[in-house]
Amino acid sequence: MPGYEPFLLCDFHVHTTWSDGRLSVRDVVDLYGQTGRFDVIAITDHILMKRDLMARAGRMLTLGRKQFSVTPERFDAYLRDVARESKRAEKLYNLLVIPGAEITQNHIQSRKNSHIIALNIKEHISADQPAEEILREIRRQRGVSIACHPHHRTTRRIEISTCYLWDHRKKLADLVDVWEAANRDDLFSVTSLKHFPYIANSDFHKPKHLYSWKTLLRCDKNWESVAEAIRSNVDIALTLYRNGSCTAAEREGEGATGAAGDR
């Protein structure tokens with residue numbers, strides 16, 4: 001349709017071997033790029049608290065071969081790796097790759113847990129500070145914040161609750177840019193029912209996670225336009241990507257499911 005731009009297929013929650021993912025940044029780029037379907041992805045490896053008990057256990061099990069976190073000492077190298085593969089992704093696949101991180105707070109008291117994606121940050125953000133300060137720091141760096149899996153998940157046998165942001169949504173609503181209404185195979189309908197700005201992501205850790213909930217944005221394919229589209233949350237839709245089954249109608253902006261403009 002003339003003057004009616006197609007949607008971009010996006011995934012803003014992707015992990016690699018820089019934390020607990022199975023694939024390198026390069027392999028992730030190739031996996032998404034070779035589908036010929038995706039337009040935008042964000043690499044969002046974990047930044048963990050210094051005393052994260054699960055990470056400590058993981059390091060012991062792997063005899064220290066795996067770190068599970070992008071530490072301050074590794075952060076610049078991490079950004080360089082993402083930047084290098086971003087250039088390659090654009091050249092080979094016309095794929096926009098955005099740097100980011102998942103600031104991960106796993107406390108002994110689960111009611112304090114929060115996982116916050118920070119898109120397009122330039123400096124390391126410590127997980128050892130209140131969630132409110134993390135959100136303010138993301139904003140200071142002119143990034144975009146996403147509240148990850150903010151409600152209880154029904155498809156996980158073992159769940160680490162990450163409900164702090166949702167439980168304190170009244171005081172945090174002005175600091176959180178968007179909330180995950182869908183994560184991998186889970187739908188958090190409560191977030192959309194409250195009319196909060198929403199997004200859908202895979203929480204990708206291994207190849208089979210490619211087939212999961214995704215976001216459709218209608219905007220130009222550059223960071224500034226993508227950031228504005230996420231924040232405004234108007235020309236946005238959710239879609240369940242299954243073996244390349246995101247429909248042509250959705251990609252052209254006709255009949256897209258869950259469109260925010262229809263709320």
Whichever residue in segment 181-202 is among the polar types (S, T, N, Q) and either in contact with a helix residue (DSSP H, G or I) (Cβ under 7 Å, 6 or more places away or on another chain) or part of a strand (DSSP E or B) (or both) and, among such residues, is modelled with the lowest pLDDT = ASN183
task = Output the residues belonging to segment 9-35 that are surrounded by fewer than 22 Cβ atoms within 10 Å (Cβ to Cβ) and of a type in the set (A, V, I, L, M).
result = LEU9, LEU23, LEU31
query = Just wondering, is there one or more residues in segment 61-69 that are modelled with pLDDT under 95 and hydroxyl-bearing (Ser, Thr, Tyr)?
reply = yes
inquiry  = So, in segment 201-211, exactly how many residues are surrounded by fewer than 22 Cβ atoms within 10 Å (Cβ to Cβ) and in contact (Cβ under 8 Å) with a residue 40 or more places away in the chain?
reply    = 4
note = When restricted to ALA89, ALA55, the only residue touching a strand residue (DSSP E or B) at 6+ places or on another chain (Cβ under 7 Å), modelled with pLDDT under 80 and part of a helix (DSSP H, G or I) is ALA55
remark   = Result of the Cβ filter at 6 Å on segment 36-60, keeping first residues that are farther than 23 Å from GLY143 by Cβ and partners that are at pLDDT 95 or above and not aromatic (Phe, Trp, Tyr), at least 6 apart or interchain, is ARG37/LEU9
note = Those residues of segment 203-246 which are of a type in the set (Ser, Thr, Tyr), modelled with pLDDT under 95 and in a strand (DSSP E or B) amount to THR239
ask   = Filtering segment 135-151 down to residues that are in a loop (DSSP other than H, G, I, E, B) and closer than 18 Å to ALA42 by Cβ, which residue is modelled with the lowest pLDDT?
value = PRO150
request  = Please identify the pairs in which a residue from segment 163-174 that is crowded, with 18+ Cβ neighbours inside 10 Å has its Cβ atom under 8 Å from the Cβ atom of a residue that is among the acidic types (Asp, Glu), counting only partners at least 6 apart or on another chain.
outcome  = LEU172/GLU132
key: All positions within segment 67-94 that are within 17 Å of VAL40 (Cα to Cα) and of a type in the set (Gly, Ala, Ser)   = ALA83, SER86, ALA89
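The values are calculated or read from the model by the stated rules, or taken from the named source; none is laboratory data. Only a predicted model underlies this, so the values are computations on that prediction, with no experimental measurement involved. FYI the Cβ positions are ideal-geometry reconstructions off the backbone, even for glycines, and counts take in every protein chain you see.
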